[in-house]
Amino acid sequence: MPRKIKTTIVENGFEREVEIEVPDGPPVSWGDPKQMRIIGKRVPRVEGPDKVTGKAKYTADVKLPGMLYGRMLGCPHPAARIPAGGVDLSGAERIRGVVAISLVGPEGKTCRYVGDEVAAVAAPTPELAEDAIRAIRVKYEKQPFAVNPDASRTAPQIFGNEPNVAPAGNRAQGDIAAGLAASKATAEGQYTAQTRLHCCFETHGHVCKWDGDNLTVWASTQAVHGTRGDFAGQLGRYGMKPAQVRVITEHMGGGFGSKFGPRIEGIACALLAKKANAPVKLMLTRTDEQLAGFNGPGAMSRIRAGADASGRIQAWETSSENYGGTTGGGHSANGGPYVYTAENVKAEWANVFTNTGPGCALRAPGHPQGCFITECMMDDLAAKLGMDPLAFRRANLKGNRLEKLYLAQWDLGAAKIGWHRRNAKPGAGRGPKRRGIGMASGTWGGGGGGGAEVDVVIHRNGSVEVMNGTQDLGTGTRTYLAMIVAEELGLDLKEVTPRIGDSVYGNSPGSGGSTTCPSVAPAVKMAAVDAREKLLAAIAPALKAKVEELEIGDHVIRVKGDTARSLTWKQACARLGMSGLRARGGWNQDLRQGGVGGCQFAEVEVDIETGKVRPIKIVCVQDCGLVINRLTTESQAYGGIIQGIAQALLERRHADDLTGRILNPNLEEYKLTGPMETPEIEIHLFDTYNKVSGIGEPVVIPTGAALANAVFNATGRRVPELPMTPDVVLKALGKA
Amino acid sequence: MAEEQERSQVSRRSFLKGVGTGAIGTALLGGPGAEQAAEAAPANGAVGPGLTRITLTVNGQQRVVQAEPRTTLANVLRNELDLTGAKVICDRGSCGGCTVHLDGRPVYSCMMLALDAQGHKVTTVEALAKNGQLDPVQSAFVEKDALMCGFCTPGFVMSIRALLDRNPNPTLDQVKQACAGNICRCGTYPRIFEAALAAAKAERSGR
């Protein structure tokens, strides 16, 4: 009898909850974590030696005989019309060995941001490719533009048929006026989280190689199989089918939500390779990456909120905007107070378009922004009420199914940061350098979904392979494939060879929404269980026992309770046929859990004379279900927090109102957290269920908000804007 | 395997191509773009703008390439010598992903022309492991999980290796300063600090 369950699916990195039908088989479990030899332990990743020696080959490192180097030409103007026939490639084509293609259709093109793709070239060296794009002549008819939201409000329409400020949704619950009337204290605020860039260290890019009608693509992607389908779909007019495309992603240098398909540069790479009759590698330059390789939309909310004497939020009224450049966006405070609940809510939100690159998912899309917005107002309102911010939050979890979890996490986090040391009254400290402590909470789906097909092969010599097309974004996917199989079969990790990152292996969903582990790990477990059962069935006659009387121990298969009847692992495998044994597993919803909660506490020091904010310590308490690999899971938590610090204090894309240019499409003026900015970080994995869940995204959510509230606690002034750079802090302190 | 690829730089194909264009002497070692005629050096000693013979000492071996004078050391290592450990990430000296050692000092190979590296000893991350045995810095990076996507990792390994070569007993602050010119988007810093200190300790106690 099939049953229906709710799960999260991810499209282009944005998660959405859907109801799906699943077969109702016998329940499966991971077993008792305390009995496990490998799962839950600290296991260095299996590809580590390749990555520290330079052996690991990323797409950017692939070099094929006769390969050409590709390069994109982007529009230098924030808004321009290219007329039909407006791209003259002849200058580029006169350079020896160069092929060039126009990306402007026969009807011309309207470019809507600096970097909007116009043409592409392939040349024998990267240096000649640069000469080639410089030699392309393009007719640009410049148009009016707006690169910042404020300018966009009064600018001519960026899209002919849509206003620059486009209402995107609203929500109402209860009666706001009554809620405000019932409030003892109210607060108002306007909070803005910046538009951020993914800054993948390996830029978007591909190597394309044709063999007749078949295309092999090395792709820096978060979705091996999805990318195969997209290449076939977009090259459909050339008669491509998915079976003719092979996608390989041995290693990839970061995606963070921005690498889900070939995009225009991937298709250009394939077309250039066809035209040149040679393999082409086309990796975006850093500048192109920062201009056109997507962004994580910014967010703004104006909020009026009120709470009664008990601290219960009676009214939460918001008007929000999403800043995704030429696309819409969305953030988790659009519809209300994020993880908290309020008695009465009125919310409306809109997209504000600008002539800047397109937005897409960026690690927990919309959540770090929404968390910052919500948690700022939570502390501002708590201060108005004169309540401890934690006590105030405790009063506002009514109806949240994670209530008990948050209460326990907050107690732990408060103890670890020393919550009692905070300024009871924000800004109560003295002197030029002031300390403060703040906190914030987040939530995420991360329950995964179906579709993964994992194969396990046991060879006659006792070696084992586990295979799936999935990609390892740096989260440790390759390692847990081997761990789960080794655990199930009583083997050591090194005896299991994981093979991933290739569309010739079984299907795998894209890595978005922290769904890789909860989508793939259950299928690995099911494949390992299948392999185990098949092996036991194959050797049961030799042990003169029934399958159910057998058990697998450490490199041994034996009859339960009879030590005399056993075979070593190698002896058992030697009894298999010539090609060994092949098993397959699919997703199983009983092995995964969605909907995690976490919180972070931050301590900062603010220099009120210079406006400099120095993070001192961050404590992370994160629910992540069953931990498969404690070492790599903690690493992801460190990484999330370090990205959150950049969101809070450093990352700002400067779009110049006058010229429409992005002034810092690079990595020195677009600032990321460096070694010197990294504070003490303490991770507490809050194990809750014996089922796997994703952790990549939840750990990035609360950091910026916790730091913002720590700054508020230190200074008594709200810094309402991210990043909290010295100029922004001094302005909030009334000193600039 | 790596050695084979390095040797195959002088392929039959590029040799014949060289003969065909009548520029045997200079195009012999030509990689991509070898068909471009190499320019004769002007009398004033200036080179370029065409393909130029560049002789480098890389990982203890003499290597000869034909590249334009504007080619960076990073691009020669990666595109001509297939030493792709050093990564080009920012391509303008702000991230440290392309860090190699020049006479033992860490340098950004994207900020140096290959021509200017002539006469110096270039060491890349590929040369740290000896006889299949990881360098202590590399082992510590693996053991402490000081890498995630791994794209910036070779740069960090080279910065930390250079630190331990000049200071075998660094403090945490000295470790941070030594890699302050490197950035990691995945956020592995706490693990890198841990690995650097562990590697230093392991080396002091005799590897």
Taking A:Leu707, A:Leu489, A:Leu407 and counting other beta carbon atoms within 10 angstrom, the fewest-first order is A:Leu407, A:Leu489, A:Leu707
Given the pairs A:Lys259/A:Lys433; A:Lys346/A:Lys735; A:Lys259/A:Lys525; A:Lys209/B:Lys87, which are separated by over 31 angstrom at their Cα positions? A:Lys259/A:Lys433; A:Lys346/A:Lys735
Residues of A:123-130, mean number of Cβ from any other protein chain within 10 Å of their own Cβ, rounded to a whole number? 6
If B:Met112, A:Met526 are placed from fewest to most neighbouring beta carbons inside 10 Å, the sequence is B:Met112, A:Met526
Cross-link partners of A:Lys139 among aspartates and glutamates (Cα-Cα below 17 Å; sequence separation of 8 or more within a chain): A:Asp88, A:Glu107, A:Asp116, A:Glu117
When the distances between all Cα atoms of segment A:297-340 are binned every 5 Å from zero, what whole-number percent does each bin get? 5, 22, 24, 19, 13, 8, 5, 3, 1
If A:Cys371, B:Cys179 are placed from fewest to most neighbouring beta carbons inside 10 Å, the sequence is B:Cys179, A:Cys371
The simple spin-label model distance between A:Phe159 and A:Ser463, using points 7 Å out along Cα→Cβ, in nm, is 5.3 nm
Cα→Cβ-extended label distance, 7 Å offset, between A:Arg96 and A:Ala415, nm: 7.4 nm
So if I take the centroid of the Cα atoms in segment A:69-135 and the same for segment A:617-639, what is the distance between those two points in Å? 44 Å
Ordered by residue, what ³J(HN,Hα) values in Hz, to whole numbers, does segment B:193-205 give under the Karplus form 6.51 cos²θ - 1.76 cosθ + 1.60, where θ = phi - 60° and Gly and Pro are x? 4, 4, 5, 4, 5, 5, 5, 4, 5, 4, 5, 5, 8
If you find the alpha carbon centre of segment A:488-563 and of segment B:52-67, how far apart are they in angstrom? 50 Å
Long-range HN-HN contacts of A:Glu721 with modeled amide H, under 5 Å: A:Thr192
Give the aspartates and glutamates reachable from B:Lys201 as a straight Cα distance under 19 Å; neighbours fewer than 8 places away on the same chain don't count. B:Asp135, B:Glu143, B:Asp145, B:Asp165, B:Asp173
Restricting to lysines and to Cα separations under 26 Å from A:Lys142, and discarding same-chain partners fewer than 8 apart, the set is A:Lys109
Distant-in-sequence amide H partners of A:Arg499 (H built 1.01 Å from N, under 5 Å): A:Val466, A:Met467, A:Asn468
For peptide B:173-186, compute the average count of partner chain beta-carbon atoms within 10 Å of each residue's beta-carbon. 5
Under the Karplus relation 6.51 cos²θ - 1.76 cosθ + 1.60, θ = phi - 60°, what is the ordered set of whole-Hz ³J(HN,Hα) values for segment A:327-341, x standing for Gly and Pro? 10, x, x, x, 9, 6, 9, 4, x, x, x, 6, 7, 9, 10
Extended-chain gain in nm, criterion 0.36 nm per residue less alpha-carbon gap, A:Asn400 and A:Val28: 131.1 nm
Tell me the mean residue ellipticity at 222 nm calculated for chain A from its helices only (DSSP H runs of n ≥ 4, each -39500 (n - 2.57), averaged over every residue, nearest 500). -7500 deg cm²/dmol
Integer Hz, Karplus 6.51/-1.76/1.60 couplings in order for segment B:113-128, x for Gly and Pro: 6, 4, 4, 6, 8, 4, x, 10, 8, 9, 10, 10, 4, 5, 8, 6
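Since every read-out is calculated from the coordinates, none of them should be taken as a lab result. This structure is a prediction, so every number in the text was calculated from the model and none was measured. With ideal geometry, Cβ positions are generated from the backbone for all residues, glycine too; neighbour counts draw on all protein chains shown.
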